[in-house]
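Novice: Got a structure here, written out as structure tokens. Questions coming.
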Amino acid sequence: MCGIAGYVGRFQPDLLGRMNHAQGHRGPDGSGQWHDADAGLAHVRLAILDLSPSGAQPMADAAGKVIVSFNGEIYNYRELRAGLERAGVAFRGGSDTEVLANLLAREGRACLPRLNGIFAFAAWFPAERKLLLARDAAGVKPLYWTTTPEGRLFASELKAFRGIPGVDWSLDPTAVSAYLTLLYAPGELTPAKSVRKLSPGSYLEWTADGKTQAGSFVAPHYSAEVQPFTDRQAAEACRHYLGQAVRRQLVSDVPLGGFLSGGVDSSAIAHFACAELRDAKRYPCFTVGSADLAGLESEGFAEDHPYAELMARRLGAPLHDAVLRGAALEDLDAMVWTLDEPTADVAAFTAHAVCREARERGVRVLLSGSGGDDLFTGYRRHAALQAERYWAWAPRPLRAYLRRSTQGLSARSPLGRRLGKLFRYADAEPAERLASYFLWISQDTLAPALSPALREDLSTHRPVDLLLRSLESLPAGVSRLNQMLHLDRSHFLADHNLNYTDKMAMACGVEVRLPFLDPDLVAFSERLEDERKISGPAGKHVLRRSLQGVLPDEILTRPKAGFGLPLRQLLHGVYGERLRELARSGRLDATGLFSGEGAVALLEADKRGEVDAAYPLLAILCLESWVRQFAGR
């Protein structure tokens, strides 16, 4: 895990040092630079494999045909290395980066589908005067790029572009609308109109003479034919693939451990990790300890700590509490700066607390249960989609009545909020209704809090349309459940959860790995029939069945949980005070995005329980912070 940056064009080479400095937190173990007349590569290093100087980057292959700046891990590098050695390649060290450099030198981008790992890298081919950028299939590692009059730039984090002449920080209204309603910007979008993200499973080639080529090196989601597994066959295969994924991702030359919320996903990973290591004490687990926060029940969260303790005792693994106190949640500016994007989710604070605790205890690698819900179901929207069978057949006027009658329910209770969201788009067409399950607020409810200009943009740049376009990439005949899972994996996971996890972990000098995103496990999940994934309201049917007798029943049967925080309590406390002050001072209106008066009115309506606007109101605060810190407004 590291930070990469660089350019193709006529930049001054001292730019590389400035970009490295901006991303220095990603690489506390060293830095390096390389450049010639047309290109430059920069790298900051977090040493995980081959801690010696032979693992330093940028790194060339044995013949000097390619120079690489690499961020991530290639879990199957040993198998790939063995093949290269049989072909006569001599290695200087033991890093996965050296394996990648030699693969690229021999095969170019044709090697990309063979890489099992999490990565974003840049590779310069001197003879061809060409730069290759690539990002892993799941989108675990970030990669941003932009174009200026002097050439093209790339980096692991947006902040590496700050202060560079020619980078346009004008706001992208489509992205802004998405951050307010989805909490993330799907696909290539970022808050800055001129900066884009490289999509998961994609590559981008730039030549010194200005030519560009782009493409994908992975098949579209759900391309494989669904197979008629029995329950037993599916459970056995699931257990096999998950155990294999954990085993692959335990490769490390530094101490590792894992997140443990006490939910099914993190508990399953902890079980397989301890079994593989044959000594549970070698797998320290980390959870969020008791904090001076109350109100989780009113937010719809259950307390995790007792379940994490139960699982740790069952395994015999050490369990460490990352205590997150209320004062730590007040610095939204720090959160936004670290995340690079105005991601409105206080779960980022818990990720940071856990990773900080791990690093302080000498653990540099953590395995996470993220991805389980996105493969096998587990979110409430999956159950809501399944429940459509009971009412979606109704004529549109009746569905419109369902929508109207549930929008008046009090948003103070979890049940009222969920019913309101369930039927908010009941009378929409099926595809739009499916995509709308990802929205946190309706356009009409949000509009008064926006400036007239942004209100107009929102009417023509609907975030739901971004998701509908994403569905177009799927093969014909994909089930509605798998369509939703595609949106989960492509956007909610890659653009939201993985982004805040990577940024918060790297700020602490910790690498997070995700066994559920192993390509073989992902491929298995895509071959499953819908009923193997979800049965009634219960998600992860096949996963739970595969773990019977492995995990305690208390964990297998508990509802969906995670590291919860009482956002609404914060919103009507310290966050609400901040929003009111921003409105009073005129700073919200000064962004050109918001109406301070309208934002305060939305806050009051949320407090009265008339609307559920907690996350969009947090998004307003995060966007104001981003505009001030990144765009200089």
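The values are calculated or read from the model by the stated rules, or taken from the named source; none is laboratory data. Only a predicted model underlies this, so the values are computations on that prediction, with no experimental measurement involved. Methodologically, a virtual Cβ is constructed for each residue, glycine included, from the backbone with ideal geometry; neighbour enumeration extends over all protein chains shown.
Novice: Would you mention how many residues in the range 209-228 are surrounded by fewer than 19 Cβ atoms within 10 Å (Cβ to Cβ) and in a loop (DSSP other than H, G, I, E, B)?
Specialist: Here the count works out to 13.
Novice: Considering only the range 254-263, I want to know if a residue exists there that is in a helix (DSSP H, G or I) and buried (at least 18 other Cβ atoms within 10 Å of the Cβ).
Specialist: no
Novice: Now, a different point. Taking the options 235, 273, name whichever one is at pLDDT 95 or above, within 16 Å of residue 542 (Cβ to Cβ), in contact with a Lys or Arg (Cβ under 9 Å, 6 or more places away or on another chain) and not assigned by TED's automatic domain parsing to the domain that holds residue 117.
Specialist: Answer to the check: 235.
Novice: Moving on to the next point. Do we find that residue 599 is of a type outside the set (Ser, Thr, Tyr) and either crowded, with 20+ Cβ neighbours inside 10 Å or within 30 Å of residue 544 (Cα to Cα) (or both) in this structure?
Specialist: Criteria met by residue 599.
Novice: Here is a further query. I'd like the full set of residues that are at pLDDT 95 or above, under 26 Å from the mean Cα position of the chain (by Cα) and either assigned to a strand (DSSP E or B) or not assigned by TED's automatic domain parsing to the domain that holds residue 129 (or both), limited to the range 1-21.
Specialist: 3, 4, 5, 6, 7
Novice: In the range 1-41, what residues are within 16 Å of residue 162 (Cα to Cα) and surrounded by 20 or more Cβ atoms within 10 Å (Cβ to Cβ)?
Specialist: Correct list: 3, 4, 5, 6, 7, 11, 15, 16, 19, 20, 22, 23.
Novice: Please go through the range 229-239 and give me each residue that is among the charged types (D, E, K, R) and surrounded by 14 or more Cβ atoms within 10 Å (Cβ to Cβ), ordered by number.
Specialist: Selection gives 231, 236, 239.
Novice: Every residue in the range 139-173 that is aromatic (Phe, Trp, Tyr) and assigned to a loop (DSSP other than H, G, I, E, B), please.
Specialist: 169
Novice: Sticking with this one: If you check every pair at least six apart or on different chains, which have Cβ atoms under 6 Å apart with a residue in the range 191-220 that is in contact (Cβ under 8 Å) with a residue 24 or more places away in the chain first and a residue that is of a type in the set (Lys, Arg) and assigned to a loop (DSSP other than H, G, I, E, B) second?
Specialist: Cβ pairs passing all conditions: 207/129; 208/129.
Novice: If you don't mind, another one. Inspect all residues belonging to the range 553-561 and state whether any of them is over 18 Å from residue 620 (Cα atoms), of a type in the set (Gly, Ala, Ser) and not in a helix (DSSP H, G or I). Spell out how you get there, then give the answer.
Specialist: In the first step, residues of the range 553-561 are kept if they are over 18 Å from residue 620 (Cα atoms); the result is 553-561.
If we keep only those that are of a type in the set (Gly, Ala, Ser) as well, we get 561.
Narrowing the set further to residues that are not in a helix (DSSP H, G or I) leaves 561.
Taking every residue of the range 553-561 in turn, at least one turns out to be over 18 Å from residue 620 (Cα atoms), of a type in the set (Gly, Ala, Ser) and not in a helix (DSSP H, G or I).
Novice: To continue, here is another question. With the condition kept exactly as written, say whether any residue in the range 9-19 is without any contact (Cβ under 8 Å) to a residue 40 or more places away in the chain and among the charged types (D, E, K, R).
Specialist: Within the range 9-19, one or more residues are without any contact (Cβ under 8 Å) to a residue 40 or more places away in the chain and among the charged types (D, E, K, R).
Novice: Out of (1) among the β-branched types (Val, Ile, Thr); (2) in contact with an Asp or Glu (Cβ under 9 Å, 6 or more places away or on another chain); (3) free of Cβ contacts under 8 Å to residues at least 24 places away in the same chain, the odd one out for residue 230 is which?
Specialist: In the conditions (1) among the β-branched types (Val, Ile, Thr); (2) in contact with an Asp or Glu (Cβ under 9 Å, 6 or more places away or on another chain); (3) free of Cβ contacts under 8 Å to residues at least 24 places away in the same chain, residue 230 misses (2) alone.
Novice: In addition: Condition first: in a loop (DSSP other than H, G, I, E, B), among the polar types (S, T, N, Q) and at pLDDT 90 or above. Now tell me which residues in the range 436-465 satisfy that. Full working, then the answer.
Specialist: Taking the range 436-465 first, the residues in a loop (DSSP other than H, G, I, E, B) are 437-442, 451, 461-462.
Narrowing further to those that are among the polar types (S, T, N, Q): 442, 451.
Selection gives 451 alone.
Novice: Something else about it: Please specify each residue of the range 501-523 satisfying the condition of being assigned to a helix (DSSP H, G or I), out of contact with any Pro (no Cβ under 9 Å at 6 or more places or on another chain) and surrounded by 23 or more Cβ atoms within 10 Å (Cβ to Cβ).
Specialist: If the condition is that a residue be assigned to a helix (DSSP H, G or I), out of contact with any Pro (no Cβ under 9 Å at 6 or more places or on another chain) and surrounded by 23 or more Cβ atoms within 10 Å (Cβ to Cβ), then 501, 504, 505, 506, 515, 516, 517 are the ones that fit.
Novice: Report yes if residue 556 is at pLDDT below 95, farther than 22 Å from residue 410 by Cβ and touching a Lys or Arg at 6+ places or on another chain (Cβ under 8 Å), otherwise no.
Specialist: Answer is yes for this residue.
Novice: Here's another thing I want to ask about it. Condition test on residue 545, is it over 17 Å from the mean Cα position of the chain (by Cα), in a loop (DSSP other than H, G, I, E, B) and touching a residue at least 60 places away in the same chain (Cβ under 8 Å)?
Specialist: no
Novice: I need the full set of residues from the range 194-212 which are modelled with pLDDT of 95 or more and either under 21 Å from the mean Cα position of the chain (by Cα) or of a type in the set (A, V, I, L, M, F, W, C) (or both), in order please.
Specialist: If the condition is that a residue be modelled with pLDDT of 95 or more and either under 21 Å from the mean Cα position of the chain (by Cα) or of a type in the set (A, V, I, L, M, F, W, C) (or both), then 195, 196, 197, 198, 199, 200, 201, 202, 203, 204, 206 are the ones that fit.
Novice: Also, I was wondering about something else. Does residue 481 fit the bill of being farther than 27 Å from residue 348 by Cα, outside the structural domain of residue 186 (by TED's automatic domain parsing) and part of a loop (DSSP other than H, G, I, E, B)?
Specialist: Here the answer is no, as residue 481 does not meet what is asked.
Novice: Here are some residues: 140, 68, 44, 89. Which one is of a type in the set (Val, Ile, Thr) and surrounded by fewer than 24 Cβ atoms within 10 Å (Cβ to Cβ)?
Specialist: 89
Novice: Out of the residues in the range 367-424 that are farther than 21 Å from residue 531 by Cα, more than 32 Å from the chain's Cα centre (by Cα) and hydroxyl-bearing (Ser, Thr, Tyr), which is surrounded by the fewest Cβ atoms within 10 Å (Cβ to Cβ)?
Specialist: Residue satisfying both the conditions and the ranking: 405.
Novice: Considering only residues that are among the polar types (S, T, N, Q) and under 22 Å from residue 339 (Cβ atoms), look in the range 143-165 and name the one that is surrounded by the most Cβ atoms within 10 Å (Cβ to Cβ).
Specialist: 156
Novice: Look through the range 213-240, keep the residues that are within 27 Å of the chain's Cα centre (by Cα) and polar (S, T, N, Q), and return whichever of them is nearest to residue 473 (Cα to Cα).
Specialist: Filtering first and then ranking leaves 223.
Novice: Got a sec? Which helices (runs of 4 or more DSSP H) wholly within the range 576-632 have at least 1 residues that are in contact (Cβ under 8 Å) with a residue 24 or more places away in the chain and within 27 Å of the chain's Cα centre (by Cα)? It would help to see each step written out before you state the result.
Specialist: Details: elements: 587-590, 596-607, 614-629.
Counting at least 1 such residues, we get 614-629.
Novice: If you don't mind, another one. Tell me, yes or no, whether the range 560-576 has at least one residue that is at pLDDT 95 or above and surrounded by fewer than 17 Cβ atoms within 10 Å (Cβ to Cβ).
Specialist: no
Novice: Can you find, within the range 127-137, the residue that is surrounded by the most Cβ atoms within 10 Å (Cβ to Cβ) among those that are charged (D, E, K, R) and farther than 19 Å from residue 186 by Cα?
Specialist: Among those that are charged (D, E, K, R) and farther than 19 Å from residue 186 by Cα, it is 130.
Novice: Within the range 276-320, take every residue that is under 21 Å from residue 345 (Cα atoms) and touching a strand residue (DSSP E or B) at 6+ places or on another chain (Cβ under 7 Å) and give me the one that is modelled with the lowest pLDDT.
Specialist: Of the residues in the range 276-320, the ones under 21 Å from residue 345 (Cα atoms) are 286-305.
After this cut, where a residue has to be touching a strand residue (DSSP E or B) at 6+ places or on another chain (Cβ under 7 Å) as well, the list is 286-289, 304-305.
Values: 286: 97, 287: 94, 288: 89, 289: 77, 304: 81, 305: 85.
Per the criteria, the residue is 289.
Novice: Among the residues of the range 302-350, which ones are of a type in the set (Gly, Ala, Ser) and within 20 Å of residue 179 (Cα to Cα)?
Specialist: Result: 334, 344, 347, 348.
Novice: Let me spell it out: the conditions are (1) more than 21 Å from the chain's Cα centre (by Cα); (2) modelled with pLDDT under 95, and residue 243 meets all of them except one. Which number is the exception?
Specialist: Status for residue 243: all satisfied but (2).
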